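Quick notes on the structure that follows.
The values are calculated or read from the model by the stated rules, or taken from the named source; none is laboratory data. Keep in mind it's a predicted model, so treat the numbers as computed, not measured. Every residue, glycine as well, gets a Cβ built from its backbone with ideal geometry; the counts of neighbours run over all protein chains shown. The accessibility values were calculated without ligands, DNA or RNA, using every heavy atom of the protein model including side chains. Shrake-Rupley method; radii C 1.70, N 1.55, O 1.52, S 1.80 Å.
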Amino acid sequence: MSIGFFNYWVFIILLMIGLYTVMSRSNLIKKMIGLSLFQISVFLFYISMGKVSGGTAPIVVENITDGVAPVYSNPLPHVLILTAIVVGIATTALGLSLVVRIRESFGTIDEDEILEMKDGA
Amino acid sequence: MLLLIAGTMAVLLVRNLFVATMLLGIVSFTMALIFISLDAVDVAFTEAAVGAGISTVLYIGTLALVGSQEKDQPKFAAGPMVICIAVGAVLYYATYEMPPFGHADNPVQTHVGPRYIQDSPTEIGVPNMVTSVLASYRGYDTFGEVTVIFAAGIGVLLILRQRRRRKNEDDETDVPLDKGKTGRSGSLSGLGSEHDLIPHVIAKLLIPFIFVFALYVQFHGDFGPGGGFQAGVIFAAGIILYALVFSLDLARSVINEKVILFLISAGVLLYGGVGVASMLLGGNFLDYNVLSSDPVAGQHLGILLVELGVGITVTAAMLAIFYAFVGRADLIAAKAEQEKN
C-alpha cells in the first residue's frame, strides 16, 4: 500500500469515476451516488496525506514495551474527514429529499425528461 | 484498492439503482478497511457506520419512493469522458510533484500536527488525539459542523413534511418498510408483520447491545476510537433497526417527532451552552480550561459535554431524516406501487 504514489493514483481514478457519473448520467439518484463516490475519494486523499510510514493510530500508547517512542500519524486530517463524513451524509439526505420532491412534482427523476417537459410546456 | 476501483466502476455501469446502492455500501466498507490500514481508526469507524450503514438506508428509502430502475440507456457520453480524462491526466501529472507518501517530513506533518501530537496528552489529558483536536483545539469548527447537521435535519423535515399525515394507516406504513428491509439483507422479506419470528427475536437480542455499544462509543471516545459523531449514528441505527423490524408506529411511540425536534436543538444548545459557560467564567468561547479549577479536568468536562451535545444532535438529526423519508412513503405508497409495477 505504500508504494510511491499508488494511493494518489487510486484517488484520481475514483475522483474521475465520480465526476464522470455526475456528468454523464441523467438519473438524479445516480448523480447523487456519483457525488458520494467523489466525496469518498477526497476522504482517501486526505487520510493518505496524514499517514506516516511505520506510524500508528494517534492514540497515546502508555506502556511502551520495546523502549522506542511510537510514531503517530497526523491526527488533523482524521478530524477534518471525520466531521466531513457526517456532514456529507446530512447533505446527501437533503439532496435525496429534494429528489423525492422532484419525483412528486414531475413524475420522473430523469433530468432529460424533466427538461423535455419544461421545453414542451 | 483494486477492489475499490472495481466497485466504483460497477456502481457507474450497473443499471439497477438498487444494486448500485448496495455496491456503494460495499465501496464504503472497503474504504473503511483502507482507513484502518492508514491509521485512521476514528475515520474508519465513522465511514463504516455512516457510509455503509445510514447512507444505504437513506438511499433505499428514497428508492422505495422513486422507483429503482434507471430509465435511460447509459450512453457513452463523449464530452464528459474527455473532460474527465483530461482532468485526470493533469492530476496524474501533478502527483509527481507531491511529497513522497508516508514520509514524516512532508509539509502536512510539519505544521500544527506535531504540536497536537506532543502537547495534547499533557494539555488535554485525553489519550485519543483525534478527540482532543476535534472537541477542544478545533471545537469552533466542530460547532459549525454540528450546526450544519442541525440545519440539514431541519431542511429535510421542511422539504418532506409539508402535508399532514393521515391517521389510521398502519397497513400502508408497513409497505415501504418491507422494501427497506428487503434491500438491506436480501432474503428477509415481509418484515414489519407479526409473523416473522426470527428477525423479531434477533432484533430484540441485538438492539440493547447496539445501544450499550453506542453509549460506550460516546463516553469512551476520549480513550479509544469513537466520539459523539459515531455514537450518534450508531444510536440512530439501533432505533432505525427497531422501526424496520417492528413497524414505524412502535418506534414513534418510543421517540416521537416532537421529542426528536427537541433533541436536535438541545444538542446544539448544549454545545453552544458549554461555550457560553466558559465565556461567563472568564475564558474564551469554548475554552474549557476555566470550567474546573484544574485545567485538565476542565478540558475533560468540556469535551465530555460537547461530545454529548454532538451525539444528541446527530442521533436526532438522523432519526428526523429517516422518519421524514418513511413518513413520506406512506403518503405516496400507493402511487409508488403503481409506478413500479
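Summary of values
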item: Enumeration of residues in the range B:25-48 that are under 12 Å from residue A:82 (Cβ atoms), touching a strand residue (DSSP E or B) at 6+ places or on another chain (Cβ under 9 Å) and open to solvent by less than 30 Å² (accessible area, probe 1.4 Å); result: B:42
item: Helices (runs of 4 or more DSSP H) enclosed by the range B:88-144 - at least 1 residues per element that are surrounded by fewer than 12 Cβ atoms within 10 Å (Cβ to Cβ) and either in contact (Cβ under 8 Å) with a residue 40 or more places away in the chain or not hydrophobic (A, V, I, L, M, F, W, C) (or both); result: B:107-110, B:113-123
item: Residue tally, condition at the interface with chain B (Cβ under 7 Å from one of its Cβ atoms), without any contact (Cβ under 8 Å) to a residue 40 or more places away in the chain and part of a helix (DSSP H, G or I), over the range A:67-96; result: 14
item: Unmet requirement for residue B:21, which otherwise passes all of (1) open to solvent by 20 Å² or more (accessible area, probe 1.4 Å); (2) among the hydroxyl-bearing types (Ser, Thr, Tyr); (3) modelled with pLDDT of 75 or more; result: (1)
item: Matching entry among A:60, A:99 (being open to solvent by 20 Å² or more (accessible area, probe 1.4 Å), hydrophobic (A, V, I, L, M, F, W, C), closer than 26 Å to residue B:229 by Cβ and facing chain B (nearest Cβ under 7 Å)); result: A:60
item: Residue within the range B:175-183 that is at pLDDT 80 or above and of a type in the set (A, V, I, L, M, F, W, C) present; result: no
item: Of all residues making up the range B:1-21, the number that are at the interface with chain A (Cβ under 9 Å from one of its Cβ atoms) and touching a Pro at 6+ places or on another chain (Cβ under 9 Å); result: 1
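Results for (1) more than 20 Å from residue B:25 (Cβ to Cβ); (2) more than 7 Å from chain B (Cβ to nearest Cβ); (3) at pLDDT 85 or above, shown as yes or no for each residue.
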residue: A:2; (1), (2), (3): yes, no, no
residue: A:5; (1), (2), (3): yes, no, no
residue: A:10; (1), (2), (3): no, no, no
residue: A:16; (1), (2), (3): yes, no, yes
residue: A:24; (1), (2), (3): yes, no, no
residue: A:32; (1), (2), (3): no, yes, yes
residue: A:35; (1), (2), (3): no, yes, yes
residue: A:40; (1), (2), (3): no, no, yes
residue: A:45; (1), (2), (3): yes, yes, yes
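Yes/no matrix, rows are residues, columns are (1) free of Cβ contacts under 8 Å to residues at least 40 places away in the same chain; (2) in contact with a Ser or Thr (Cβ under 8 Å, 6 or more places away or on another chain):
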{"position": "B:16", "(1), (2)": "no, yes"}
{"position": "B:24", "(1), (2)": "yes, yes"}
{"position": "B:35", "(1), (2)": "yes, no"}
{"position": "B:45", "(1), (2)": "no, no"}
{"position": "B:61", "(1), (2)": "no, no"}
